[in-house]
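Written out below as structure tokens is the structure these notes cover.
The values are calculated or read from the model by the stated rules, or taken from the named source; none is laboratory data. Please read all numbers here as calculations on a predicted model, not as lab measurements. Glycine gets a Cβ as well: all are built from the backbone with ideal geometry, and neighbour counts include every protein chain shown. Accessible surface areas use protein heavy atoms only, side chains included; no ligands, DNA or RNA. Shrake-Rupley method; radii C 1.70, N 1.55, O 1.52, S 1.80 Å.
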Amino acid sequence: MLFPHLAGVVVELVDWAAAGVVTLHARGRSAGADCPHRGSASERVHGRYMRRLADAAVGGANVVIELLVRRFKCRNPGCRAVTFAEQIAGLTSPHARYTPLVREQLTSIALALAGRVGVRLAGMPGLRVVKDTLLRLVRAAPEEPVMPIRVLGVDDFALRKGDSYATILVDLGRRRPVDALPGRDAEPLAAWLKGHPEVEVICRDRTGAYAEGARSGAPQAQQVADAWHLWRNLAEAVEKTVGAHHHCIREAFMAPPVQAMSTTAPLAAAEPTGTAETVFVPLDGTLDVLGCPRRLVARTTERYQAVQQLLSHGLSLIQISRELRLDHSTVRRFARAGGLEELLVKAVYRVSLSFAVLLMTGTVLGDRFGRRLVFTAGLGLFTAASVACALAPGVGWLIAARVTPGTGDATGDGASQRRLSAT
């Protein structure tokens, strides 16, 4: 049947309005209805009224069903409702303005996007809806039953960044979130784990509160570190070490190569070849194209000196933040820096526009070919390019190989962000 949800009605007229709206005038097919309170059948009509229902679009045109609804009088004298409105199976439900087909479509959109983005997507097939309706559909959607959890993922997320945080629990076997706990403390996690003794493995980051909560709530479970956090901690440690010794790297590049003398060569002086070997001098990122100091470098140097001077006077980070009118996180970063060189490396070699473009490209490729596949490919490209940088025979090969790790990093990072957000 082409329209199975219309099997219980008789369509008497179809109107095509100039605004592109198709109106179906229909009435109930059955002679009577059953009372929803007492279950007794009744054919005694008490009154009629018109009801409008939004249906799925047909051929790009919005469809509205104008249904003539009858009110029946219940024959049971003990019924508290006295009268009741008929409901068409598969088409209507009490107080609903959408057919079950449209409600199912809107629920799918609401669960995927919700809010204003869901409203814009629903408007493309001609479904008029507001964001509050989509949010109500999300709240009304039945929750999936919680199955026994073997591998549990524990991580924190920000309700309001820098202000309030919570803990999310994910069933890594089914890749579904199962619960959210207030705060990032050990007590809520321990209480939750005591009610789920089937947990065998807890995958978490290195937060001490989560470790304590896992030990007290599930001593039988094995705690493992999240691979994403391990890679990120390793990358941050390597970046911090390289940034702190950036001047040593520049000196190594600027130093002339030392050539070993052959023991079999004659002691006579070799004739000059006439060509002097050029020494590779890396570009100074603190200068612009005209050779003048960059404003970013000057501002970073000035702020670092001001923060260190106020710290030497005994001021706290909050006082320094108010004195210099800087964000607390910025003051903390300048205070914890190992030196000015570390800050300048981060300021000069920050993420470029090309990295952002490759980040979005990796996200798109992850949606099309699979996020795990793109993440693995980006990680493999980054590793291979890093090895190529170490084995580069010359400056040209080094520059070409140095660009490739950024491509692999950006592509894999974009796919990993989407994969973690979906998890």
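Summary of values
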item: In region 54-93, the trypsin sites (Lys or Arg not before Pro) that fall in loop regions by DSSP, at most 14 other Cβ within 10 Å; result: ARG75, ARG80
item: Loop sites in region 88-131: trypsin sites (Lys or Arg not before Pro), DSSP, at most 14 other Cβ within 10 Å; result: ARG97, ARG128
item: Of all accessible heavy-atom area on region 8-131, the percent that carbon and sulfur account for (1.4 Å); result: 54
item: For region 68-175: rounded, prolate or oblate by the Cα gyration tensor [a/c cutoff 1.5]; result: prolate
item: Low-density loop positions, trypsin sites (Lys or Arg not before Pro), region 166-233 - DSSP coil, at most 11 other Cβ in 10 Å; result: ARG175, ARG206
item: Top positive-direction residue, dipole computed over region 47-133 with Cβ charges, set PRO100, TYR49, VAL129; result: TYR49
item: Dimensionless Rg ratio for region 182-247, taking C-alpha atoms and the 2.2 N^0.38 Å reference; result: 1.46
item: Share of pairwise Cα separations in region 116-191, more than 17 Å, in percent; result: 63
item: Solvent-accessible area, 1.4 Å probe, carbon plus sulfur percent, for region 201-243; result: 58
